[in-house]
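The next block holds one structure in the form of structure tokens; read it before the comments.
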Amino acid sequence: MDFDLNFSFSEELRRIILQIVTVLTKYFWVGTIDYLASSQWKTLTSIGLGRDIKRENPMTMTMTMTFDDIYRYFQSPPPVYLNKELAVCYILSVVFNGDSYGTELIDRLEEEYSIYRLSDTVLYSALKFLEAQGSITGYWKKVEGRGRPRRMYQLTPEFRRKALELSHLWYEYAQEYAVERQLV
């Protein structure tokens, strides 16, 4: 099945697709690669990836890379996605200082820590964990400037001490990682 894709991808999305193709070529059964190489070659070419993938033979594909690609990577490294453990510590650091809701937590992370990202899936998994542990409680509130009520999360009083400890783990991690990436 061929797809006619008449739009262009952002550089970040293009880079992610290229990483997926690289993983496929390294780790999956050659039949999968053969299918991708033969059946989807037109698709890859139509979305601008054909120039970055060369077919050495019908059974394999490899990425071509230039030194410019390496420089571009370090000039604009991809964001770091938080896992559930980091998300729990980050959420506690925010709700320790006041109530918050899901979208605000994600937006605030990107504003305050630009190298980090938090997926909806990880966020809501972490929030569910914290609610199940009795660390936070949720309630519905109409937020000004937003259409529908938002599920707000607040720290339970008996968990403040533990939240402070876990918040410090987040701050230490974020600071250490920023120093490693020379962002501070």
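The values are calculated or read from the model by the stated rules, or taken from the named source; none is laboratory data. Nothing here was measured: the structure is a model prediction, and the numbers come from that model. Note: ideal-geometry Cβ built from the backbone for every residue, glycine included; neighbour counts use all protein chains shown. In case anyone asks, the SASA skips ligands and DNA or RNA and just uses the protein heavy atoms, side chains included. Shrake-Rupley method; radii C 1.70, N 1.55, O 1.52, S 1.80 Å.
Here Asp107 fits the description: loosely packed, with under 14 Cβ neighbours inside 10 Å, at pLDDT 75 or above and of a type in the set (D, E, K, R). Examine the range 145-152 for a residue that is of a type outside the set (Val, Ile, Thr), closer than 14 Å to Cys89 by Cα and surrounded by fewer than 19 Cβ atoms within 10 Å (Cβ to Cβ), and state whether such a residue exists. Scanning the range 145-152, I find no residue that is of a type outside the set (Val, Ile, Thr), closer than 14 Å to Cys89 by Cα and surrounded by fewer than 19 Cβ atoms within 10 Å (Cβ to Cβ), so the answer is no.
State whether the residues of the range 138-156 include one that is at pLDDT 95 or above and either assigned to a loop (DSSP other than H, G, I, E, B) or under 30 Å from Arg14 (Cα atoms) (or both). Yes, the range 138-156 contains a residue that is at pLDDT 95 or above and either assigned to a loop (DSSP other than H, G, I, E, B) or under 30 Å from Arg14 (Cα atoms) (or both). Scanning the range 111-123 for residues that are surrounded by 14 or more Cβ atoms within 10 Å (Cβ to Cβ), free of Cβ contacts under 8 Å to residues at least 40 places away in the same chain and part of a helix (DSSP H, G or I) yields a single hit, Leu123.
Taking the conditions exactly as written (of a type in the set (Ser, Thr, Tyr) and open to solvent by 60 Å² or more (accessible area, probe 1.4 Å)), does Tyr90 satisfy them or not? Here the answer is no, as Tyr90 does not meet what is asked. Confirm whether Ser167 is of a type in the set (S, T, N, Q), in contact with a Ser or Thr (Cβ under 8 Å, 6 or more places away or on another chain) and surrounded by 13 or more Cβ atoms within 10 Å (Cβ to Cβ). Yes, satisfied. Restricting the range 130-144 to residues that are surrounded by 11 or more Cβ atoms within 10 Å (Cβ to Cβ), of a type outside the set (Asp, Glu) and touching a Ser or Thr at 6+ places or on another chain (Cβ under 9 Å), the residue that is farthest from Leu86 (Cα to Cα) is Thr137. When Glu11, Glu85 are screened for being at pLDDT 65 or above, open to solvent by 60 Å² or more (accessible area, probe 1.4 Å) and either touching a Pro at 6+ places or on another chain (Cβ under 6 Å) or within 30 Å of Trp140 (Cα to Cα) (or both), only Glu85 passes.
Selection within the range 159-172: residues that are in contact (Cβ under 8 Å) with a residue 24 or more places away in the chain and not hydrophobic (A, V, I, L, M, F, W, C). The member of this set that is farthest from Leu82 (Cα to Cα) is Arg160.
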